[in-house]
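Novice: If you scroll down you'll find the structure; I have some questions about it.
The values are calculated or read from the model by the stated rules, or taken from the named source; none is laboratory data. Everything quoted here is computed from the prediction, not taken from an experiment. Cβ: placed from backbone, ideal geometry, glycine included. Neighbour counts: every protein chain shown. When the accessible area is computed, the model is the full protein with side chains, heavy atoms only, and any ligands, DNA or RNA have been set aside. Shrake-Rupley method; radii C 1.70, N 1.55, O 1.52, S 1.80 Å.
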Amino acid sequence: MKSIREIYKVGRGPSSSHTMGPERACNYFRSVTPDADSYKVILYGSLASTGKGHRTDYAINCTLEPFPVEIIFDHETYDIPHANTMDFFAYKGGELIMTKRIFSVGGGDIRVEGAPEVDKPEIYDKNSFKEIADYCKSKNIRLSDYVFEHEDSDFRSFLYNIWQVMKDEIQGGLTTGGYLPGGLNVQRVAQIIYNQRHIDERPETRENRIVCAYAFAASEQNADGQTVVTAPTCGACAVLPSVLKYMQEKKNFSDEKIINALAVGGLIGNLVKKNASISGAECGCQAEIGTACAMAAAALAELFEMGIDQIEYAAEVSLEHQLGLTCDPICGLVQIPCIERNAVAAMRAVTALSLANFLTGTRKISFDMVVKTMYETGKDLGYQYRETSKGGLAKLF
């Protein structure tokens, strides 16, 4: 597996696949066509279906400016190798000088057709949770130790920066009101949830309220195109930071403990990315929110210093009960149902932590099995339920 740095990326929302990925693709294509004076980009699949709502065209134009760009949304071609496929054309003086097919594969990552991946080395020699767990048990180390054993010497500093950006995105959402752009007139509600006490404000009720407020805050920032951290994607960016911030405040966990938790959460996201997908366009929202929920639950279990089997159970049960979740953003915007899904998944991660404390010894299903199941389920989902805005809520709205 590659570095966990590929799971946690800082960038502008609202979509890692639809804005961050195309932005990187444009930067790459521009670097290999320095003599070009105009461009054409054809978007297929999910990029064609929801690119307007996700501001894909805006990201492309901004990245390739000041040169003119013709952007074509191809809604007719379905025989493509990846749901987020882009064809780039570079021109000089009206003559075509180069073309490339590039895929936005999730989490802001891209892949160039026919090009070897040489810039991102494999730094983990184990590619399943079982392999990693067996190794850690044989060495009597924690999963976080395994991560730091394989990442570079600056990785802790990297995670400290990631944690700061995560806290900033929550704070930004808690201090901003009004309505989100895009035409749906979705009101920002993080402030309301955070400041308005529940009629029955028991400790359990307050926990739900604050976790949800933090999740709404980060998700609303993403929907507004503000800076967020992919965890593992922009659309699922709020699940992990919301539960970690809440638990740090509740239990007074140190930043060092949070960094260890982020390492374990990133490892879980890495395993899903390696063995399945974190792309909603490829496997539905289960790949995004489901993975984020598993990452958050595993991070919480590490925070509370649970054993490796308990961490696995927390991640497994979180992902298992998101299986089949469709990606059906209304009008192609990362707003409805995306924002609420982050809050619901955050609460589910907290529940998974409790279940792991009691039920780990009874489990029959492994995390690796659920990851494989998620990928197969995603491939079986109808095209309209994989970030195309052609099915589900998006169709009936």
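Novice: Add +1 for every Lys or Arg and -1 for every Asp or Glu among the other residues with Cβ under 10 Å from the Cβ of Gln248, and state the total.
Specialist: Values: positive: Lys167, Lys245, Lys250, Lys251, Lys257; negative: Glu249, Asp255.
Once positives and negatives cancel, what remains is +3.
Novice: Let me ask you something else. Can you pull out the cysteines in the chain that have no other Cys Cβ under 4.7 Å?
Specialist: So far as the 4.7 Å Cβ criterion goes, Cys26, Cys62, Cys136, Cys212, Cys234, Cys237, Cys283, Cys293, Cys331, Cys338 stand without a partner in the chain.
Novice: When the helix-only estimate is applied to the chain (DSSP H runs of n ≥ 4, each -39,500 (n - 2.57), divided by the residue count), what is the mean residue ellipticity at 222 nm, nearest 500 deg cm²/dmol? Provide the component values of the computation, followed by the final result.
Specialist: Values: 16 runs with 198 residues, N = 397.
Taken over the chain, the calculation gives -15500 deg cm²/dmol.
Novice: Can I ask one more? So for each of 367-379, 290-302, 324-336 I average, over its residues, the number of other beta carbons within 10 Å; can you give me the resulting order with the highest mean first? Write out the running numbers ahead of the final one.
Specialist: Details: 367-379: 19.9, 290-302: 32.7, 324-336: 23.5.
Ranking the peptides 367-379, 290-302, 324-336 by packing returns 290-302, 324-336, 367-379.
Novice: Another one. At 1.4 Å probe size, with every protein chain present, just tell me what the per residue accessible area of the chain comes to in Å².
Specialist: Numbers: 16220 Å² over 397 residues.
On a per-residue basis, 41 Å².
Novice: If you take the square roots of the eigenvalues of the alpha-carbon gyration tensor of the stretch 13-108 and sort them as a ≥ b ≥ c, do you get rounded (a/c under 1.5), prolate (a/b over b/c) or oblate?
Specialist: On the way: a/c = 1.77, a/b = 1.44, b/c = 1.23.
Taking the square roots of the gyration eigenvalues as a ≥ b ≥ c, the stretch 13-108 is prolate.
Novice: Below 14 Å, Cα to Cα, which aspartates and glutamates can Lys139 reach? Residues fewer than 8 away in the same chain don't count.
Specialist: List returned: Glu131, Glu149.
Novice: Moving to a separate point now. Pop out the carbon and sulfur fraction of the accessible area of the chain as a percent, whole number, probe 1.4 Å.
Specialist: Numbers: 7920 of 16220 Å².
Roughly 49 percent, rounded to a whole number.
Novice: Need the C-alpha centroid separation for the stretch 129-164 versus the stretch 209-251, integer Å.
Specialist: Answer, in whole Å: 23.
Novice: Beyond 19 Å between alpha-carbons counts as too far, so tell me which of Lys2/Lys245; Lys52/Lys273; Lys40/Lys92 fall in that bin. Spell out each step's value before the answer.
Specialist: Values: Lys2/Lys245 27 Å; Lys52/Lys273 26 Å; Lys40/Lys92 12 Å.
Long pairs (Cα-Cα over 19 Å): Lys2/Lys245; Lys52/Lys273.
Novice: May I pose another question? For the chain, give me the percentage of DSSP beta bridges that are antiparallel, rounded to the nearest 5 percent. Display every interim value, and only then the final one.
Specialist: On the way: 22 of 28 bridges.
Here the share of antiparallel DSSP bridges comes out near 80 percent.
Novice: Next question. Residue by residue, what Karplus-based ³J(HN,Hα) values in Hz, rounded to whole numbers, does the stretch 300-312 have, using 6.51, -1.76 and 1.60 with θ = phi - 60° and x for Gly and Pro?
Specialist: Ordered by residue, 3J(HN,Hα) equals 4, 4, 5, 4, 8, 6, 6, x, 4, 5, 5, 4, 4 Hz.
Novice: A further question on this structure: Straight-line reach from Lys379: which aspartates and glutamates fall under 18 Å, measuring Cα to Cα and dropping same-chain residues less than 8 apart?
Specialist: In chain and number order, the partners are Asp79, Glu282, Glu288, Glu320, Asp328, Asp368, Glu387.
Novice: Ordered by residue, what ³J(HN,Hα) values in Hz, to whole numbers, does the stretch 189-199 give under the Karplus form 6.51 cos²θ - 1.76 cosθ + 1.60, where θ = phi - 60° and Gly and Pro are x?
Specialist: Along the stretch 189-199, the couplings run 10, 4, 4, 5, 4, 5, 8, 9, 5, 6, 4 Hz.
Novice: So what is the relative contact order for the chain, in percent, with contacts set as C-alpha pairs under 8 Å and at least six apart? Write out the running numbers ahead of the final one.
Specialist: Numbers: 825 pairs, mean separation 76.4, N = 397.
Averaging sequence separation for qualifying contacts and normalising by length gives 19 percent for the chain.
Novice: Also, quick follow-up: Once ligands and nucleic acids are excluded and a 1.4 Å probe is used, how much of Thr50 is accessible, expressed in Å² to the nearest 10?
Specialist: Near enough 0 Å² of accessible area.
Novice: If you line up the long axis of helix 155-174 against the longest principal axis of the chain, both from Cα atoms, how many degrees apart are they, to the nearest 10?
Specialist: 90
Novice: Here's another thing I want to ask about it. Would you please name the GluC sites (Glu not before Pro) within the stretch 25-131 that are DSSP coil residues with at most 13 other C-beta atoms within 10 Å of their C-beta?
Specialist: Qualifying residues, ordered by number: Glu76, Glu113, Glu117, Glu122.
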